[in-house]
Amino acid sequence: MTQWHIRAIWALALGLGALVAPVHAQEASIKRATELRESPGDKAASLGALPEQSAVVRTGERQGSWVKVRTSQGKSGWVHMFDLGAQPASASGSSSAASGLRGLGGLFGGGSTTTATATVGIRGLSAEDIANAQPNPAAVGQAEKMRLDAEQARQFAGAAALRQRSVEPLPEPPRPASGGTAPSPDSNFVN
């Protein structure tokens, strides 16, 4: 086989993989009960409840941490990416995407097995996210309800067999000069 033939086979395999994998890799399920939203955001109108483990299909659209999905009833809407999980495997224990990739792998490896893997990326905040950020007093209130006093913290630590350790604080970095210049990267942070 010539180098050209090998490249052609690889190109064909990659092309088939691109056609096969996205169709099946977009299947997902709802990890915990949530609402299907009309637009991305907690304050968007609800299109209906999505029970835990309900099947959905990702449409490929995403805005920030919100993913657009289509339900088995044909409704399209938005869910938070943390409420979305991988589609449970079928009763046979293998998904159709994994089966397709295994078959494609058989063209090259003579029996090697390929397993499909899905991951969720978490990105930082964009300048637009920060500019559009709004305080959430309800979330602060929920966090305040979880606050423990010193005695509760000691009880928890004792029950978990945690030991107390003294940790020296890090030295404070030098303050910029009044001229507004930042310290150089090789400056010493020790006072």
Notebook entry, point to check: Taking into account only those residues within the range 31-67 that are more than 19 Å from Ala139 (Cβ to Cβ) and in contact with a Gly (Cβ under 7 Å, 6 or more places away or on another chain), which is surrounded by the most Cβ atoms within 10 Å (Cβ to Cβ)?
Noted result: Leu36
Check: Under 6 Å by Cβ, and 6 or more places apart or on different chains, what pairs join a residue from the range 28-40 that is in contact (Cβ under 8 Å) with a residue 12 or more places away in the chain with one that is in a loop (DSSP other than H, G, I, E, B) and of a type in the set (S, T, N, Q)?
Finding: Ala28/Gln87; Ser29/Gln53; Ser29/Gln87; Ile30/Ser54
Next item on the list: Answer yes or no as to whether Ala160 is surrounded by 10 or more Cβ atoms within 10 Å (Cβ to Cβ) and at pLDDT 85 or above.
Entry: no
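Residue-by-condition table, conditions (1) closer than 12 Å to Ala86 by Cα; (2) among the hydroxyl-bearing types (Ser, Thr, Tyr); (3) assigned to a strand (DSSP E or B):
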position: Arg32; (1), (2), (3): no, no, no
position: Gly41; (1), (2), (3): no, no, no
position: Leu47; (1), (2), (3): no, no, yes
position: Glu52; (1), (2), (3): no, no, no
position: Thr59; (1), (2), (3): no, yes, yes
position: Val67; (1), (2), (3): no, no, yes
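The values are calculated or read from the model by the stated rules, or taken from the named source; none is laboratory data. Only a predicted model underlies this, so the values are computations on that prediction, with no experimental measurement involved. Heads up, the Cβs are rebuilt from the backbone with ideal geometry, glycines too, and the neighbour counts pull from every protein chain shown.
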